[in-house]
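The structure appears below as structure tokens.
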Amino acid sequence: MSNLPNPDTIDAAWLTERLRDAGHATATVREFRKQRIGTGQVGMCIRYGLDLEGADDATPRTLVGKFASDDPTSRQTGILLKNYIKEVSFYRELVSRLSISTPHCYYADIEGDGPEFVLLLEDMSPAEQGDQLLGCSPEIARAAVLELVGLHAPSWKDESLRGAEWLGEPSDLTIQMGRMLYKTNLPGFLDRYGAHLAADEVAIIEAVAESSGPPFQLLGDAWSLVHIDYRLDNLLIDASQSPPRISVVDWQSVALGSPLSDVAYFMGAGLLAEDRRAVEEDIVRAYHGALGGAGISGYSWEQCWQDYRRGTFAGFAVTIIASMMVQQTDRGDEMFIAMAGRHARHALDLGAEALLG
């Protein structure tokens, strides 16, 4: 039996204690409302609306709690892939070192590697969750990619990040495991979704299974913290501001890797192909320039673009493996079909199949 609070045991007294720990010394939660939000596959989010006494204008009126999914398959996936320990540890150990916008964390705790964990986070309203199925405008894409500089630049080739077991980095063992998981799950993925994809998209998805290059590679010359699953469903977007304000959630896969894999993953999944083709070089050049402005030197545009092309395959591994290891839902099916097609088309558009090895 877990001693951690969960959606059924969190009460007004516990929420009051969290507010007071955060410096709201006179605030008391008299009662609260809760509403399940989001579309997570491995986690579950609940918004708490607080009825307060003794609060000032700085006291939050809503908070968001995050817990493990209530689906047994998704929970086991979260343990196997270290999703739960990664996210809790990100808020405990890493977020203070970065400048990327994330919700303030009021509480983070976990038992072992999970699935029992709890996060209590700032509610970023009026920002709204992006929609992976709809895609986004070039303006939002540019803002989202530039926000990544706040993750990548502060952690660029930072040797102090290496060696943390929960964080991980590519190794011969993890690369072997990644290839095995891809090959093992590929037949089921194609059986379920292949009919919805073009023939050349299926062909390049199959080719990745035999790749001696991306996406299964050791750290290269340029590496940093990477989000891994940097896509619209994991962004909170305040489009009332110009440029749009982007805040990033779902740090369940954070690791060390190629920073351009985050950029390419977002661009491939978040923009419809015709929109992406028109703006992607301009957006990637803006990102490269912002890295330089943040103090990253010695990273040429030519290397950046080549790493971006390699990064088009980052979405293949996430899509093929994750789709077979979480609870199947109607929206999940639509999302995985859209992502597989967009990532495959992205790699094909850039001639990236030549980089597979």
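Please treat every number below as a calculation from the coordinates, not as lab data. Please read these numbers as outputs of a predicted model, since none were measured by experiment. Every residue, glycine among them, receives a Cβ derived from its backbone with ideal geometry; neighbour counts consider all protein chains shown.
Restricting attention to the chain, the count of lysine pairs at 8 or more positions apart or across chains with alpha carbons under 22 Å apart stands at 5. Any chance you could list P(r) for the range 202-261, counting all Cα-Cα pairs in 5 angstrom bins from zero, rounded to whole %? Pairs per bin, as whole percents: 4, 15, 17, 16, 18, 15, 8, 5, 2, 0. Considering helices alone, the calculated mean residue ellipticity of the chain at 222 nm is -13000 deg cm²/dmol, with DSSP H runs of length four and up weighted by -39500 (n - 2.57) and normalised per residue. Averaging Cα coordinates gives a centre for the range 305-357 and one for the range 24-44; these two points are 33 Å apart. I'd like the Kirkwood hydrodynamic radius of the range 12-122, using the inverse of the mean 1/r over distinct C-alpha pairs, in Å. Result for the range 12-122, one decimal place: 14.8 Å. The order of the peptides 84-94, 55-65 by mean Cβ neighbours within 10 Å, most packed first, is 84-94, 55-65.
In summary, the convex hull built on the alpha carbon positions of the chain has an orientation-averaged projected area of 17.7 nm².
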